[in-house]
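First the structure, in the form of structure tokens, and then the observations on it.
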Amino acid sequence: MDRLSPDPREVVAGLLGDERLIRACAERDMGAVFRMFNARGISTRRIAAAVDITQGRLYDYMNGKSRVEKLTLFEQIADAFHIPGHLLGLARRSWEPAPGTAEHQRADHPPPDGDDLVAMDHFRSADRQTGGGRLYGAVVRHLSDRVAPRLVDLGSGPQVFAAAAALTEMAGWMAHDSGHDHRAAQHFARALPLARTSGDMPLAAHVAASSSHLARETGDAAGAVGWARTGLDLAAQGPGFRR
């Protein structure tokens, strides 16, 4: 039966101009995204296998019983279905056209440069294998030694600020995984102005969402709502909502 279902990436390519998909991605409502995929012929078995989750977990997302929250799962979804990173508030994915192409010269929010993307991919891959935020120190050192000096370099472009924001957010989740929620909140607070400075509003929205998720997990309901609203306001400034 799955052999007869359409190629998921072709389905997604045909949806990239659909305002409903763009809005669902901006709101990180993966349940709505999965429902759209399923309605267009992609089986739930194939969706679950593509992102390495059980069908039971997939049904929970699709039925609104739970939401995707982990950054690594957003990345898996983007890579499995070729959803452009900026739609989910992520850095440019490794399979997207490299900076310097005509497409990216027209972009309103340049992605992090290639070296930063390679570093982030390595960190994320290693973190998925080791878990528990064991790479936290390495990410913080990379930020301090390799990225921070370029933030004050007059020759640097907005890509550096986007890289700094993405890596700082990553450090925040690693701190959270290690049980240091106060430190995680500090990282998210630093990441947001970096993302704003880069001009990448979807990335800024994703950072605000991280703050919202963290506030909810620590019992700060008002903070969670406030950050969620901030994230939605930022997402509305992204390319998917401009007229």
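Dipole of the stretch 1-87 computed with +1 at Lys/Arg Cβ and -1 at Asp/Glu Cβ about the Cα centre; of 73, 53, 11, farthest Cα towards the positive end is 53.
Once neighbouring chains are kept in place and the probe is 1.4 Å, which whole percent of the accessible area of the stretch 7-83 is contributed by carbon and sulfur?
Working: 1570 of 3540 Å².
On the stretch 7-83, the fraction of accessible area on carbon and sulfur atoms equals 44 percent.
Dipole magnitude for the stretch 168-216: about 120 debye, using +1 per Lys or Arg Cβ and -1 per Asp or Glu Cβ, origin at the Cα centre. Placing a pseudo-label 7 Å from each Cα along the Cα-to-Cβ vector at residue 10 and residue 82 gives an inter-label distance of 1.1 nm. Roughly how many nanometres apart are two label points built 7 Å out from the Cα toward the Cβ at residue 52 and residue 153? That separation, rounded to one decimal, is 3.3 nm.
Projected label points at residue 20 and residue 218, each 7 Å from Cα along the beta carbon direction, are separated by 3.8 nanometres.
Note on exposure: 145, 181, 200 ranked by accessible area (1.4 Å probe, complete protein assembly) read 145, 181, 200, with the most exposed listed first. Counting only Cβ charges, +1 for Lys and Arg and -1 for Asp and Glu, the dipole size of the stretch 47-95 around its Cα centre is about 100 debye. A 1.4 Å probe run over the protein chains yields, for the stretch 1-91, 48 Å² of accessible area per residue, whole-number rounding. Using Cβ point charges alone (K and R +1, D and E -1), the dipole size of the stretch 1-50 about the Cα centre works out to roughly 160 debye.
The values are calculated or read from the model by the stated rules, or taken from the named source; none is laboratory data. Treat the numbers as computed from the prediction; the structure is a model and nothing was measured. Glycine gets a Cβ as well: all are built from the backbone with ideal geometry, and neighbour counts include every protein chain shown. Note: accessible area is taken over every heavy atom of the protein model, side chains too, but ligands, DNA and RNA are not part of it. Shrake-Rupley method; radii C 1.70, N 1.55, O 1.52, S 1.80 Å.
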